[in-house]
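First comes the structure, then the notes that go with it.
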Amino acid sequence: MAKTAVVFDSAGTLLHMYRAAKDLRDGSIYYDIVTTDLAGTDPNFAIIILHVKPEKLMQINGSYPVHRLIEEFQVEIDISCSNRSLSIEKAHSIISSDSLALVSDLREVLEAVWDRCDNKQYLGVGLMVDMARSRIPYTLSTGGCLYPEAGDVVSQLEALGVDIFIASGDKQEDVEMVSRSIGVRKEHTFGLSTPERKCRIIRELKRSYEKVVMVGDAINDIMAFREADLAVLTIQQRNVRPEKLSLESDAVIDHITQIVPLVRDIL
C-alpha cells in the first residue's frame, strides 16, 4: 500500500479566485463572493456551469434569454454543486422555465471578472438555479490565477514520495489545465466534483493509501474533510468562511507552501 496521497481543491486553494454574482431580483452585483457559500444559503440552490467560451458569449445578443442561448448555440451544462439531487434534465427544465435571465446578465458578471484576471483561459460563467421555484436567482462568473508557488509545492511533495490529486467543482478541462501547469498527472484530476463526489474520492483513495490528506478552502470541501485522515483548511484567499469549516479541519494554513512540512510530519 502506498504511503500518502494529497488531494487539493482547485479554486481558492491552488488558484487565487476572482468572482462575481448578479442578483437578478434587484440587479445588485456582488464581488468576490464564494459561490459555494452562496449556494449554501438555500437548500434548493444549485450551481450550473455553462460550457461557453467567454469570447463567444461577448458576441451573442445580450437580449437573448439564457435558455435560448443554451438551445440555439447547443451550450452544454453541468452541475457543479447542489444541495439536493438534481439531474441535467431537471436543470434544463428549470432554466427553460425562467424567461428573465438574459445573456446580458451573464456578460455583466463576466466583465466584472474579466479585467481582474490575468489568465483569460481560466474564466467561466454559470447560473444559480432554484429548484423549488424553478427560476434563476443569480448569474455567476469566476476567474483564477495560479498561486506562483503551487508548482514548487507539488514538486516538493512528490520528492517525498507523495501522490498528488486534484478534486474540484470546476470544469474538467479547467482542472486539467491547472494540472498541466503544476505537473499533476491528468488521470489524477477530478473535475465537476460535488461535495459528495469529493468525499467518495477520498474514501476510495484510502483503500490504496495509508494516509489521505484533503486540502481545501470552502464549505464544499467539508464532507471530504470529514473523510480524510488529515483535513487542511487553507485561508490564503482571504474570504469569510463558516466557523464549522474550521471546526472540521485538523490544521489551518495561510500559505500553500505550509502544506509541505505538515505532510512531512505524518510520513
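Derivation of every value follows stated rules applied to the coordinates shown; laboratory data play no part. Please read all numbers here as calculations on a predicted model, not as lab measurements. Note: ideal-geometry Cβ built from the backbone for every residue, glycine included; neighbour counts use all protein chains shown.
For the range 1-158, take the convex hull of the Cα atoms, compute a quarter of its surface area, and give me that in nm², please.
The directionally averaged projection comes out at 11.0 nm².
Distances over 16 Å make up what percent of all Cα-Cα pairs in the range 93-180?
Within the range 93-180, distances greater than 16 Å cover 65 percent of Cα pairs.
What angle do you read, to the nearest 10 degrees and between 0 and 90, between the alpha-carbon axis of helix 150-159 and the longest principal axis of the chain?
On a 0 to 90 degree scale, this one is about 30.
Mind checking the range 78-138 for trypsin sites (Lys or Arg not before Pro) that DSSP puts in a loop (not H, G, I, E or B) and that have at most 16 other Cβ atoms within 10 Å?
Those satisfying the criteria are 84, 116, 120, 133.
Counting each pair of different Cα atoms once, what's the Kirkwood radius of the range 1-66 in Å, rounded to one decimal?
15.3
Could you calculate, for the range 195-267, the ratio of the Cα radius of gyration to the Kirkwood radius, expressed as Rg to Rh?
Rg divided by Rh gives 0.96.
On average over all directions, what projected area in square nanometres does the chain have, based on the convex hull of its Cα atoms?
Result: a mean projected hull area of 13.1 nm².
With n ≥ 4 as the cut-off for DSSP H runs, can you work out [θ] at 222 nm for the chain, using -39500 (n - 2.57) per run divided by the number of residues, rounded to the nearest 500?
-9000 deg cm²/dmol
Please list 172-181, 238-247 highest first by mean number of surrounding beta-carbon atoms within 10 Å per residue.
Most protected by this proxy first, the peptides run 172-181, 238-247.
When the convex hull of the Cα atoms of the range 23-105 is projected onto a plane and the area is averaged over all directions, what value comes out in nm²?
5.8
Cα-Cα over 29 Å: which of 56/244; 22/186; 22/244; 171/244; 53/206; 53/211?
56/244; 22/186; 53/206; 53/211
Provide Rg over Rh for the range 133-267; use the alpha carbon set for both Rg and the Kirkwood Rh (inverse mean inverse pair distance).
0.96
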